[in-house]
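> Before we start, here is the structure in question, set down as structure tokens.
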Amino acid sequence: MARGNPRETDIKRQPSQPSSPPPAISWWIAGALLAIFALNAGLSQRSKSPTVDEFAHVPAGYMGLQSARFDLYGKTPPLARSLFTLPLLLSRPELPEPPPGNRMAGWYPWTYATGFFHVNVRHYGVEFVQRVYRDARFMVLAMTVVLGAVLFMWGRRLHGAAGGILALALFTLDPNILAHSRLATVDMAETLFFFLAVASMVAWFHAPTRWRLALAGLACGAALATKFTAVLLAPIGVGLALVTLILAPPARRRTLSLRLAGGLMIMAVTALLVVNTAYVFGGSLKGLGDYRFRSQALNMVQQPWLDWLPVPLPADFVRGFDAQQVDLETGDFPNYFNGRWSQQGWWYYYPVAWLLKTPLSLVALLLAAAGLAAAEALEWRRRHHATHVGLPPKDSLRRLSAWAVGLGIAIPMIAACFFNRLDIGVRYILPIYPFLFLSLAGLGRLCRRREPVAAALVVGATLLTAAGTFSVYPHYLGYANLLAGGMENGWRVLSNSNNDWGQDLPALARELERRGETDVRLAYFGHAEPAAYGINYTVPLPGGSGADALRAAQGRIPFTFRPGLYAISANLLVGLPYQVMDHGRWVPAGHTLNEPQEIFAWFRKRTPDTVVGGSILLFRVEDPAR
């Protein structure tokens with residue numbers, strides 16, 4: 001054999017990942033990390049009131065289980081809600097009679113949820129209602145543990161035990177993962193199914209079997225039956241198929257292309273069956289002409305010559321997709337960023353929001369992982385061109401996984417930046433998070449290459465991430481790093497579900513008790529009743545129970561405020577127009593829900609006494625005569 005033509009064994013002597021098998025103890029370490037994560041999230045959720053979306057998701061999910069009607073909160077599909085409200089079949093909270101109206105429109109889900117909250121507090125007490133929401137939260141936490149296990153197994157398969165453990169450890173230490181893993185919303189369930197779908201597609205493209213193909217279709221269907229974001233799995237799947245085709249030897253590409261196309265079709269049909277099952281096949285196969293769409297996207301599809309076409313999707317799914325698309329095209333509420341408001345949003349909002357809400361040590365690790373991956377790619381390219389031989393099998397899996405990571409991050413981020421006008425929280429890009437952590441698994445190989453300095457830096461950055469995250473326990477939703485001014489000032493830059501989602505009524509009650517305060521003037525962003533948490537309050541808004549606290553002013557500051565203790569939610573402080581709960585009735589904060597309000601502008605010039613949980617600011621207004 002010529003010297004320039006190395007043998008197959010020469011390639012095997014240069015493996016691209018650690019050659020020794022991962023130790024069995026890695027499974028025990030992963031189990032311990034997931035147990036600590038579950039304990040952390042489970043304990044911290046006890047001090048959190050139902051967030052805005054949880055408040056409506058739980059009764060909507062329970063109603064779906066009881067009546068097989070899924071139009072309540074129809075802007076998101078019902079699968080995740082149905083799963084996390086399964087424990088309610090045992091506790092059996094009371095479902096009030098739905099009032100007349102369009103269950104999918106506007107405030108209806110929250111109006112119904114308010115009745116659900118009050119009727120169960122009245123009949124069973126606030127402890128029972130808190131247990132209802134807590135049980136639903138534990139189901140989401142269980143889904144997040146499964147997500148962590150999938151991440152560990154994929155990282156371990158690619159980069160050995162150290163890589164899998166590192167990816168999992170950083171996953172369990174991310175404050176955004178901790179925050180949303182303990183909430184009964186669809187965001188973490190969608191992240192699980194989205195990641196599982198891509199992992200299953202990679203497994204099937206790499207080594208096709210019937211079971212892997214079935215799992216990929218089921219996971220795609222579960223993701224689509226949980227949140228409409230899952231439509232992005234289609235370009236990811238096509239992209240991975242093209243990569244698989246390009247990596248194959250030219251002689252196999254023709255037959256391989258037919259197999260890949262057939263596999264994608266089977267995945268699509270399986271996904272449609274899962275979605276229809278989630279809706280109990282309600283209204284499926286209606287003609288396209290039978291719908292009346294409001295979104296531009298679906299109106300473009302609905303052409304007269306296609307009116308006969310049966311739509312193989314449930315009617316509530318189609319109508320919900322249309323309603324959600326309207327929000328994405330026009331915006332729902334005004335978007336806030338760093339003191340500015342916009343109905344259109346900003347294309348750079350989500351990358352910046354991610355940067356401000358991620359521990360800086362974790363950002364540094366991601367940059368290091370990107371640098372390491374680039375260096376290894378250049379080294380592989382040099383070696384590949386020198387030897388003119390194909391890739392070893394494990395290298396082909398790593399390359400396909402690298403493309404999956406790139407597509408799994410790029411496509412959802414591009415969609416959020418350029419095809420969306422809802423800039424209201426990093427939860428909208430949560431599906432990219434597992435791919436970011438998977439990209440960090442490659443750093444685990446530094447611990448296997450006898451590079452003590454690099455390994456020490458990785459361990460040090462991991463410990464810094466842990467310290468930064470645990471320092472804000474249990475207020476993970478309000479986390480903001482130093483670039484945003486920390487949790488005490490994060491509300492000045494980001495709003496809505498980034499920090500203030502109505503979660504801190506219990507923390508406020510404890511703070512008032514610690515101060516010895518018996519009453520407070522409260523403007524609360526959320527839907528739970530503050531009095532149910534023992535808070536004696538009045539609402540300092542025009543038309544509110546505490547309207548006497550306002551003094552008319554002039555110019556851009558419409559009101560000043562009389563002496564007393566004020567607790568103001570961060571969203572209302574920066575000017576988000578919303579409805580405020582006032583002893584069972586709603587008081588508007590602002591003349592319209594489409595424009596920012598300036599009612600609390602006077603407080604924005606003042607320094608708060610404290611910030612409770614990153615979401616509620618306490619101000620003591622003194623009598624100027626003193």
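The values are calculated or read from the model by the stated rules, or taken from the named source; none is laboratory data. Please read all numbers here as calculations on a predicted model, not as lab measurements. Every residue, glycine as well, gets a Cβ built from its backbone with ideal geometry; the counts of neighbours run over all protein chains shown. Note: accessible area is taken over every heavy atom of the protein model, side chains too, but ligands, DNA and RNA are not part of it. Shrake-Rupley method; radii C 1.70, N 1.55, O 1.52, S 1.80 Å.
> Step by step: first the residues of region 200-231, then only those that are in contact (Cβ under 8 Å) with a residue 60 or more places away in the chain and closer than 20 Å to L438 by Cβ, then the one that is most open to solvent (accessible area, probe 1.4 Å). Which residue is that?
H206
> Which of the residues belonging to region 63-83 are within 20 Å of D322 (Cα to Cα), part of a helix (DSSP H, G or I) and open to solvent by 20 Å² or more (accessible area, probe 1.4 Å)?
Once the filter is applied, which keeps residues that are within 20 Å of D322 (Cα to Cα), part of a helix (DSSP H, G or I) and open to solvent by 20 Å² or more (accessible area, probe 1.4 Å), region 63-83 yields only L79.
> Here is a follow-up. Looking at (1) open to solvent by 60 Å² or more (accessible area, probe 1.4 Å); (2) free of Cβ contacts under 8 Å to residues at least 12 places away in the same chain, which one does G31 not meet, given that it meets all the others?
(1)
> If I go through region 551-588 residue by residue, how many of them are under 22 Å from N335 (Cβ atoms) and either open to solvent by 30 Å² or more (accessible area, probe 1.4 Å) or over 29 Å from the mean Cα position of the chain (by Cα) (or both)?
3
> Moving on to the next point. Looking at region 339-361, which of its residues are assigned to a helix (DSSP H, G or I) and under 18 Å from the mean Cα position of the chain (by Cα)?
Listed by number, the residues that qualify are Y349, Y350, P351, V352, A353, W354, L355, L356.
> I would also like to ask the following. Need pairs with beta-carbon distance below 8 Å; first residue in contact (Cβ under 8 Å) with a residue 40 or more places away in the chain and within region 542-557, second in a helix (DSSP H, G or I) and open to solvent by 40 Å² or more (accessible area, probe 1.4 Å); sequence gap 6+ or separate chains.
A553/W602; I557/W602
> Can you find a residue in region 2-18 that is of a type outside the set (K, R), surrounded by fewer than 12 Cβ atoms within 10 Å (Cβ to Cβ) and modelled with pLDDT of 90 or more?
No; the residues of region 2-18 include none that is of a type outside the set (K, R), surrounded by fewer than 12 Cβ atoms within 10 Å (Cβ to Cβ) and modelled with pLDDT of 90 or more.
> Then there's this: Against the definition (modelled with pLDDT under 95, farther than 15 Å from V612 by Cα and touching a Phe, Trp or Tyr at 6+ places or on another chain (Cβ under 7 Å)), how does A532 come out, yes or no?
Taking the combined requirement at face value, the residue does not satisfy it.
> Inspect all residues belonging to region 52-62 and state whether any of them is aliphatic (A, V, I, L, M), at pLDDT 95 or above, open to solvent by 50 Å² or more (accessible area, probe 1.4 Å) and part of a helix (DSSP H, G or I).
No: region 52-62 contains no residue that is aliphatic (A, V, I, L, M), at pLDDT 95 or above, open to solvent by 50 Å² or more (accessible area, probe 1.4 Å) and part of a helix (DSSP H, G or I).
> Sort through Y349, Y291 and tell me the only one that's open to solvent by less than 20 Å² (accessible area, probe 1.4 Å), in contact with a Phe, Trp or Tyr (Cβ under 8 Å, 6 or more places away or on another chain) and hydroxyl-bearing (S, T, Y).
The conditions single out Y349.
> In the list G486, G478, which residue meets the criterion of being open to solvent by less than 60 Å² (accessible area, probe 1.4 Å), at negative phi and not polar (S, T, N, Q)?
Sole residue among the options that is open to solvent by less than 60 Å² (accessible area, probe 1.4 Å), at negative phi and not polar (S, T, N, Q): G478.
> Scan region 93-120 for residues that are closer than 20 Å to A323 by Cα, open to solvent by 30 Å² or more (accessible area, probe 1.4 Å) and not in a loop (DSSP other than H, G, I, E, B) and report the count.
2
> Please work out which residue is nearest to V52 (Cα to Cα), limiting yourself to region 440-459 and to residues that are open to solvent by less than 40 Å² (accessible area, probe 1.4 Å) and touching a residue at least 12 places away in the same chain (Cβ under 8 Å).
Restricting to residues being open to solvent by less than 40 Å² (accessible area, probe 1.4 Å) and touching a residue at least 12 places away in the same chain (Cβ under 8 Å), the top hit is L440.
> Taking the condition in a helix (DSSP H, G or I), more than 26 Å from L407 (Cβ to Cβ) and open to solvent by less than 30 Å² (accessible area, probe 1.4 Å), does W501 pass?
No.
> Report those helices (runs of 4 or more DSSP H) wholly inside region 163-242 carrying at least 1 residues which are acidic (D, E).
Fully inside region 163-242 and qualifying: 187-206.
> Would you say R340 is without any contact (Cβ under 8 Å) to a residue 12 or more places away in the chain and either basic (K, R) or surrounded by 15 or more Cβ atoms within 10 Å (Cβ to Cβ) (or both)?
yes
> Determine if region 233-246 includes at least one residue that is of a type in the set (G, A, S), in contact (Cβ under 8 Å) with a residue 60 or more places away in the chain and farther than 27 Å from G61 by Cα.
The answer is yes, given that some residue of region 233-246 is of a type in the set (G, A, S), in contact (Cβ under 8 Å) with a residue 60 or more places away in the chain and farther than 27 Å from G61 by Cα.
> Any chance you could count how many residues in region 518-550 are among the charged types (D, E, K, R), open to solvent by 20 Å² or more (accessible area, probe 1.4 Å) and either assigned to a strand (DSSP E or B) or closer than 19 Å to G502 by Cβ (or both)?
Residues meeting the conditions: 1.
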